[in-house]
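Any read-out appearing in this document is the output of simple, stated calculations on the displayed coordinates, not a laboratory observation. Since we're looking at a predicted model, the values are computed, not measured.
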Amino acid sequence: MAGADLGEIHAVAVATENKALLVSGRAMRSISQFRAKVLAELSKKMSRCKKGSNQWKKYK
């Protein structure tokens with residue numbers, strides 16, 4: 001018999017009568033955080049390229 005617990009910090013925790021296994025979700029969280037950071041930077045740069053934006057008017 002085994003029991004499992006799904007979570008965010010530790011993606012999976014499985015326990016049996018004799019052994020336990022804990023899988024960390026740290027790598028998944030860091031990838032997700034990095035992706036959000038890069039998308040925010042790109043979004044900021046793209047907003048400057050839209051006609052009618054304040055940045056567009058400055059350089060025109």
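Remark on Gly25: its backbone amide H falls under 5 Å from those of His10, Ala11, a criterion applied only to residues 5 or more positions apart or on other chains, H modelled at 1.01 Å from N.
Sequence-ordered 3J(HN,Hα) estimates for region 25-39 from the Karplus curve with 6.51, -1.76 and 1.60 and θ = phi - 60° stand at x, 4, 5, 5, 5, 5, 5, 5, 5, 5, 4, 5, 5, 5, 5 Hz, glycine and proline given as x.
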